[in-house]
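K.L.:
Okay, here's the structure, questions in a sec.
What follows is calculated from the coordinates using simple rules that are stated; it is not laboratory data. As the structure is a computational prediction, the values presented were derived from the model and not from experiment.
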Amino acid sequence: MGLGFVVGVVGVVILSHAAYSTIQYRSLLKITEEEFSGPPMNVVVELLLGLVLCMWAALTVPGNFLSIKPDTDENRMVSLPGNLDFMIFNHRGKVFSSEMDMKLKI
């Protein structure tokens, strides 16, 4: 586990604690019959801190970006599959191409 993963877990724990604190604060207001005007300032600070930690972890945990250029060897999405038996060119879609040609000629 890297530092980014640990920071992400801490961020989620802080966000969970802020949610629990807000629920507890609202139940306290119901008991005292006061109106809810917003969460306390410490809950807002917890939310912002948890948000920053989770965003930082989300940007650092996935790893390095890969090249998207089609001519690189690392790009496996552009290369043809190893087994060409699954490539089908005779399907129902060929009916639409002849109808489209007919519409264009008219």
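K.L.:
Output ³J(HN,Hα) for the range 12-22: one whole-Hz value per residue in order, computed from phi by the Karplus curve 6.51 cos²θ - 1.76 cosθ + 1.60 with θ = phi - 60°, and x for Gly and Pro.
P.N.:
Per-residue couplings from phi come out as 5, 5, 5, 5, 5, 5, 5, 5, 5, 5, 5 Hz.
K.L.:
Using only alpha carbon pairs under 8 Å that are at least six residues apart, calculate the relative contact order of the range 3-60 and give it in whole percent.
P.N.:
Details: 47 pairs, mean separation 36.7, N = 58.
Computed over the range 3-60, the figure is 63 percent.
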